[in-house]
Amino acid sequence: MQTDIDPRTLIGRKAFDREGSKIGTVDEVYLDDATGEPEWAAVRTGLFSRDVFVPLEPSEVVGDTLRVPYDRTLIKDAPDFGVGRHLSPEQELQLYHHYGLDVTG
C-alpha cells in the first residue's frame, strides 16, 4: 500500500474486490503496533452485514476507492473479531494465514 496516504483518509472509501465487485465501505483502519503503519481495514459490508478485515498490503488506493486483490468469498470468510477493539497478535496471525500472507513481512 502507498505508505504516504493518511489512514484517516481511507475511512469512508468504497472497497472493491479483485473482480471489481463492491465489498463495502472502509469503517476503521488498524495500525501495526510496531511500525504505526496502516495494516488492516475493517470494511462495513451490506452484503455480509458485518465488518470484515482486509489487509492494506497488497491492497491499493485507486482514485477514491480501495482495491483489495482477493475474491469476495475469501473476504466474506475472514475471521470475525468485531471492530472497535485492538487486534491481538493471535488475531492478526489468523488474518495473515487466512489471506495467505507472509507473517514475517
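The values are calculated or read from the model by the stated rules, or taken from the named source; none is laboratory data. If you're wondering where the values come from, they're calculated on a predicted model, not measured in any experiment. Heads up, the Cβs are rebuilt from the backbone with ideal geometry, glycines too, and the neighbour counts pull from every protein chain shown. These accessible areas exclude ligands, DNA and RNA; they are computed on the full protein's heavy atoms, side chains included. Shrake-Rupley method; radii C 1.70, N 1.55, O 1.52, S 1.80 Å.
Screening GLU60 against (1) out of contact with any strand residue (DSSP E or B) (no Cβ under 9 Å at 6 or more places or on another chain); (2) loosely packed, with under 15 Cβ neighbours inside 10 Å leaves a single unmet condition, (1).
Is it true that GLY36 is at positive phi and either modelled with pLDDT under 95 or part of a strand (DSSP E or B) (or both)? In short, yes. Checking the structure you have, find out if any residue of the range 21-29 is modelled with pLDDT under 90, open to solvent by 60 Å² or more (accessible area, probe 1.4 Å), out of contact with any helix residue (DSSP H, G or I) (no Cβ under 7 Å at 6 or more places or on another chain) and not in a loop (DSSP other than H, G, I, E, B). Within the range 21-29, not a single residue is modelled with pLDDT under 90, open to solvent by 60 Å² or more (accessible area, probe 1.4 Å), out of contact with any helix residue (DSSP H, G or I) (no Cβ under 7 Å at 6 or more places or on another chain) and not in a loop (DSSP other than H, G, I, E, B). For the range 44-51, the condition of being open to solvent by less than 50 Å² (accessible area, probe 1.4 Å), in contact with a Phe, Trp or Tyr (Cβ under 7 Å, 6 or more places away or on another chain) and among the charged types (D, E, K, R) holds for none of the residues.
Restricting the search to the range 78-105, which residues are touching a strand residue (DSSP E or B) at 6+ places or on another chain (Cβ under 9 Å) and either open to solvent by 70 Å² or more (accessible area, probe 1.4 Å) or under 13 Å from GLU39 (Cβ atoms) (or both)? Within the range 78-105, ASP80, HIS86, LEU87, GLN91, GLU92, LEU95, TYR96, TYR99, LEU101 meet the criteria. Restricting attention to the range 92-105, which residues are out of contact with any helix residue (DSSP H, G or I) (no Cβ under 7 Å at 6 or more places or on another chain) and over 22 Å from ASP17 (Cβ atoms)? Once the filter is applied, which keeps residues that are out of contact with any helix residue (DSSP H, G or I) (no Cβ under 7 Å at 6 or more places or on another chain) and over 22 Å from ASP17 (Cβ atoms), the range 92-105 yields LEU93, THR104.
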